[in-house]
Protein chains: 2
Amino acid sequence: MREEMLKSILSDLNGSSADIEASAVISTDGLTIASLLAANMDEDRVGAMAAAMLSLGDRTAAELARGELEQVMIKGDGGYVLLIHAGHDAVLTVIARKEAKLGLVFLDAKRAAQGIAELL
Amino acid sequence: MREEMLKSILSDLNGSSADIEASAVISTDGLTIASLLAANMDEDRVGAMAAAMLSLGDRTAAELARGELEQVMIKGDGGYVLLIHAGHDAVLTVIARKEAKLGLVFLDAKRAAQGIAELL
């Protein structure tokens, strides 16, 4: 029930732009809560990378006096990985193509993260 | 000589916006090449965190098929840390206040990173 509601938020998010390839809700310790990934993407791998980035992002923000971590963005020449806190216990991961309009993707992702936080 | 030219690029960058608090050029293995940091910021700490983020960002971009790493952004509720590749061997780290206009900071930082890459 709750998983379906989470999936429906992810499905809305993935549908909001053709440049969003995949999205997933991951617990802060790296376990998948819900995901809508492309067939060639491994759920465990996405979870593990997200959890590692999150933990290092947390530490970096703290060490460099940037306060509590809210978002991480990784840009490669082939696209983006975004991590956005969805409440305290989970993080929304969004994987987007390089053509994505980042401002728009962040806006939609932040809205989705809010919806997810309310469900968890 | 080269260090002074690097410092002058950092000084121009820090001066381009009141919201840029500090910047540094760091080798991909985490050693400081040049830096213009606030008095309360430790050079070694900035270098170490930047190198760790860079290495994990590289791996994340590769594992999730996002190509070669170009940028990492960490947003805390107190501000931003940006990492931007400056050529193959170095990375420009920019530490900015939460009020910063991110698009403008990225634009100035990318220009600075280009100048740095030409010097190294």
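Annotation: amide H-H contacts under 5 Å for residue A:100 (H modelled 1.01 Å from N, sequence separation of 5 or more, or interchain): none. Taken per residue, the accessible surface of chain B reaches 46 Å², heavy atoms only and a 1.4 Å probe. In segment A:60-109, inverting the average of 1/r over every pair of distinct C-alpha atoms gives 11.8 Å as the Kirkwood radius. Backbone amide hydrogens, once placed in the peptide plane, bring residue B:70 within less than 5 Å of A:75, A:76, A:77, excluding anything fewer than 5 places away on its chain. Label residue A:44 and residue B:8 with points 7 Å out from Cα along Cα→Cβ: what is the distance between them in nm? In this crude label model, residue A:44 to residue B:8 measures out at 5.5 nm. Within 10 Å of the Cβ of each residue in B:76-85, the mean number of Cβ atoms contributed by other protein chains is 5. Compute the separation of the alpha-carbon centres of segment B:17-42 and segment A:1-55 and state it in Å as a whole number. Spelled out, the Cα-based centre of one part sits 34 Å from the other. Spread over its residues, the convex hull of the C-alpha atoms of segment A:20-120 is 96 Å³ per residue.
Annotation: Cα Rg of the protein assembly as shown relative to the compact-globule expectation 2.2 N^0.38 Å equals 1.00. Here the protein assembly as shown exposes an accessible surface that is 49 percent carbon and sulfur, computed with a 1.4 Å probe and the other protein chains kept in place.
Ignoring the sites themselves, chain B has its longest run without GluC sites (Glu not before Pro) in a DSSP loop having at most 16 other Cβ atoms within 10 Å at B:1-67. Could you tally the net charge around residue A:6, taking each other residue with its Cβ under 15 Å from the Cβ of residue A:6, Lys/Arg +1 and Asp/Glu -1? Here the count lands on -3.
Across peptide A:53-60, how many C-beta atoms of other chains are within 10 Å of each residue C-beta, on average? List each step's numbers first, then the result.
Numbers: counts 7, 0, 1, 8, 9, 2, 4, 12.
Mean number of neighbouring Cβ atoms from other chains: 5.
For the set A:7/B:101; A:7/A:110; A:98/B:101, the pairs lying more than 27 angstrom apart at their alpha carbons are A:7/B:101.
The values are calculated or read from the model by the stated rules, or taken from the named source; none is laboratory data. As the structure is a prediction and not an experimental result, all values here were calculated from the model. Every residue, glycine as well, gets a Cβ built from its backbone with ideal geometry; the counts of neighbours run over all protein chains shown. Ligands, DNA and RNA are stripped out before the accessible areas are found, and what is left, the full protein with its side chains, is counted by its heavy atoms. Shrake-Rupley method; radii C 1.70, N 1.55, O 1.52, S 1.80 Å.
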